1. When the stretch 214-246 is examined, which residues are found to be within 18 Å of residue 12 (Cβ to Cβ), over 21 Å from the mean Cα position of the chain (by Cα) and not β-branched (Val, Ile, Thr)?
2. Run down 64, 17 and say which single residue is surrounded by 24 or more Cβ atoms within 10 Å (Cβ to Cβ) and within 16 Å of ligand 2 (Cβ to nearest atom).
3. So, residue 108, is that one modelled with pLDDT under 95 and under 28 Å from residue 251 (Cα atoms) or not?
4. How many residues are loosely packed, with under 12 Cβ neighbours inside 10 Å and in a loop (DSSP other than H, G, I, E, B) when one looks only at the stretch 122-138?
5. For the stretch 247-261, what are the residues that are farther than 16 Å from residue 9 by Cβ, more than 18 Å from the chain's Cα centre (by Cα) and not in a strand (DSSP E or B)?
6. Just the residues that are out of contact with any helix residue (DSSP H, G or I) (no Cβ under 7 Å at 6 or more places or on another chain), crowded, with 16+ Cβ neighbours inside 10 Å and not in a loop (DSSP other than H, G, I, E, B), please, taken from the stretch 67-109.
7. List, please: which pairs have Cβ atoms under 7 Å, are six or more places apart or on different chains, and start with a residue in the stretch 19-45 that is under 22 Å from residue 181 (Cα atoms) and of a type in the set (Gly, Ala, Ser) and end with one that is part of a strand (DSSP E or B) and within 16 Å of ligand 2 (Cβ to nearest atom)?
8. Identify, please: which residue in the stretch 42-61 is assigned to a loop (DSSP other than H, G, I, E, B) and over 23 Å from residue 232 (Cα atoms) and is, among those, nearest to ligand 2 (Cβ to nearest atom)?
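The values are calculated or read from the model by the stated rules, or taken from the named source; none is laboratory data. If you're wondering where the values come from, they're calculated on a predicted model, not measured in any experiment. Ideal geometry is used to build each Cβ from the backbone, glycine not excepted, and the neighbour counts take in all protein chains shown.
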Amino acid sequence: MKIIFIGDIAGSPGRETVYELLPQVKKEFKPDLIIANGENASRGKGINSSHLDKLHKAGIDFFTSGHHIWQQRDVRPRMDEKDPLLIRPANFPSDNPGKGWRIIETAMMKRLLVINLHGRVFIKDHYDCPFRTADRILEENSHERLDGILVDFHAEATSEKVALGHYLDGRVTAVFGTHTHIPTADLRVLPGGTLYLSDVGMVGLKNGVIGVDKDPILKNFLSQMPVKHTITEEGETVFNAVYFETGKEKEAKQILLDMEL
Ligand SMILES: [Fe+2]
Ligand SMILES: [Fe+2]
């Protein structure tokens, strides 16, 4: 199974960059599945129902998310559909809308279990333990016929991400980090065979601050007063993703592209 996992898509420049670059990326890698983290797709805050459909139509088969997911209310009912396009972290309170994992089937009848988890280090919310949540989901799915298991760990601290990678090493196909919007240079196969990357990065403004305009952010750092985040629609953007094929994890590679909108 050939898979492309795309980092957090950030606002309109992120979506436009996906529309522009995904056709050539698909042509080059011929993936069976394309998955993306969609938590920032609509103005940086969640993903609304219309953007979910447009990005799906553009070729993204499935979406994971993170803490921003509740900021667009119209997508919530979509998360409780029978075969939802979008999941939220599994260690959120269990009565939240949506689910934290799903088995996706490719056109060739291959089955991939996708698990979304949220970190707790340097995060102000009080989520359940991501390590024990992963154990529970793997146990629940232990009788399923699966061709791969992919974990999106949406977390701030590289320590927590590396630790989860080792914790799941040999039990899942890949553990990819999201949330920091900055791609890390540590793509590797762990001793037990699990493919690991601390952060995939993002798709969005290259010269902002993790996907939003830099000026309000600088004002916030200097004044310590609240500011309104804005996202300029034009300029240089990045497209950060990772490509891998199950069974050939050593040949995985990061896709780090730039373009001008
Ligand atoms: Fe994000
Ligand atoms: Fe995030």
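1. If the condition is that a residue be within 18 Å of residue 12 (Cβ to Cβ), over 21 Å from the mean Cα position of the chain (by Cα) and not β-branched (Val, Ile, Thr), then 214, 215, 216, 228, 229, 233, 234, 235, 236 are the ones that fit.
2. On inspection, the qualifying residue turns out to be 64.
3. The answer is yes for residue 108.
4. 4
5. Selection gives 247, 248, 249, 250, 251.
6. 67, 68, 69, 70, 71, 79, 102, 104
7. 36/6; 36/9; 36/63; 38/9; 38/63; 38/86; 41/9; 44/212
8. So the residue we want is 60.
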